[in-house]
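The values are calculated or read from the model by the stated rules, or taken from the named source; none is laboratory data. Predicted model only: the values in this text are computed from it and were never measured. Here Cβ is always computed from backbone atoms with ideal geometry, including for glycine, and neighbour counts include all displayed protein chains. Just so you know, the surface numbers come from the protein's heavy atoms only, side chains and all, with ligands and any DNA or RNA stripped out. Shrake-Rupley method; radii C 1.70, N 1.55, O 1.52, S 1.80 Å.
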Amino acid sequence: MVIERAAGREPLAALLFGEEGRPAVDAVAGLAVGPEGFELLNPAQAVHGNAELLRDGLTFDLTGLAPGPNCPVPPVIHRVALPSDFSCDALDAAWFMVGPHLAGAESLLPVLRVAAAILRHLTSLTGLQAVVWRPARIAMSPAWFAEAVGVWLAGGPFPALALTALARSQNGIESEGLAFLTGQEFMLHAGAGGPSREHSRIAVRLTDWLVAHGPVDSPREVVLSGVGAVWIEPEGQNRLNVLPR
């Protein structure tokens, strides 16, 4: 059973394949090469569709591979760089999660960086149709995910449109999945006329700043690189209201 294999852990990500298209562990082993790759542990688990992956001293589990049973597809609300008719309904999922020794440390940035590096390699699996980042309920094309996290791993900004979601409405732009990292989500208020392209740039920069600096516990002004100042005001413990200056 999936729950037994996961030992109560929630997946960080899900890899989505077409029906009967899930790869076996051998295909994963083929990617585990080179200094930038990962090591495959416990090959005896392959018959159950499970792979244990090691990188930088941290282990992660990939479960739901063939010939084992597939995993449920996590809920998806947001979609990025996928066809307009994309649907998860007919797809099978393999779950990617931290190893048991990392349970409770899933949201620490050093752990997430290693997870993102492994997942970036896994986007090369044949037949992969989408990557779901569960904390943000976002599905994206493998190419989008690989490019976004690749920039981050190379020293660029946090991938706000891959490891979080930014949802536009008439009122502004609201984050989802940021609370997984900082304990808070934000609402960037746009005022009359709704959010503009500049608001989108602000939301991306703000996400990067909040991931780097952590929760905001009192009202303050913050100057964001390339987009200027914003006013951040906490509402309760887990929500931030943000206004461009």
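Only beta bridges with both residues in the chain are counted; by DSSP, about 85 percent of them are antiparallel. Here the relative contact order of the chain, from alpha carbon pairs under 8 Å that lie six or more residues apart, stands at 16 percent. Computed over neighbours whose Cβ is under 12 Å from that of ILE138, the net charge equals +2, Lys and Arg +1, Asp and Glu -1. Placing pseudo-labels 7 Å out from each Cα toward the beta carbon at ARG113 and ARG239 gives an inter-label distance of 3.4 nm.
Per-residue extension of 0.36 nm, minus the Cα-Cα distance of ALA167 and ALA105, leaves a gain of 19.7 nm for this segment.
For SER141, the accessible surface of its heavy atoms amounts to roughly 20 Å² (probe 1.4 Å, protein chains only, rounded to the nearest 10).
Within the shell defined by Cβ-Cβ distances under 12 Å, the residues around ALA117 carry a net charge of +1, with Lys and Arg each +1 and Asp and Glu each -1. Relative to the longest principal axis of the Cα atoms of the chain, helix 197-213 runs at roughly 70 degrees. Relative to the longest principal axis of the C-alpha atoms of the chain, give the angle of the C-alpha long axis of helix 109-122, reported between 0 and 90° and rounded to the nearest 10°. For helix 109-122, the angle is close to 50 degrees.
Charging the Cβ of each Asp and Glu at -1 and of each Lys and Arg at +1, and nothing else, the dipole of the range 165-233 about its Cα centre rounds to 240 debye. Sorting PHE60, PHE86 on solvent-accessible area from highest to lowest, probe radius 1.4 Å, gives PHE86, PHE60.
How long are the semi-axes of the ellipsoid equivalent to the chain, from square roots of 5 times the Cα gyration tensor eigenvalues, in whole Å, largest first? Can you show the working numbers first?
Values: eigenvalues 231, 69, 49 Å².
For the chain, the ellipsoid semi-axes come out as 34, 19, 16 Å.
In terms of overall dimensions, the C-alpha atoms belonging to the range 156-219 reach 30, 28, 16 Å along their principal axes, ordered largest to smallest. Since only VAL131, ILE77, LEU112 are under comparison, the one whose Cα sits farthest along the positive direction of the charge dipole of the range 73-156, derived from C-beta charges on Lys, Arg, Asp and Glu, is LEU112.
Does the range 50-175 come out rounded, prolate or oblate, given a ≥ b ≥ c as the square roots of the eigenvalues of its C-alpha gyration tensor, rounded meaning a/c under 1.5 and, failing that, prolate meaning a/b above b/c?
On the way: a/c = 1.67, a/b = 1.17, b/c = 1.43.
Because a/c hits 1.5 or more and a/b fails to exceed b/c, the range 50-175 counts as oblate.
Our helix-only sum for the chain, with -39,500 (n - 2.57) per DSSP H run of n ≥ 4 divided by its residues, gives a mean residue ellipticity at 222 nm of -6500 deg cm²/dmol.
How large is the dipole of the chain about the Cα centre if only Lys and Arg carry +1 and Asp and Glu carry -1, each at its Cβ, rounded to the nearest 20 debye?
Working: 16 positive and 24 negative charges, 106 e Å.
Dipole about the Cα centre, nearest 20: 500 debye.
Between ASP217 and LEU41, the simple spin-label model (points 7 angstrom out along Cα→Cβ) gives 3.6 nm.
Would you mind telling me the share, in percent, of accessible area of the chain contributed by carbon and sulfur at probe 1.4 angstrom?
The nonpolar share, carbon plus sulfur, comes to 52 percent.
Against the chain, whose longest principal axis comes from its Cα atoms, helix 142-153 is set at around 70 degrees.
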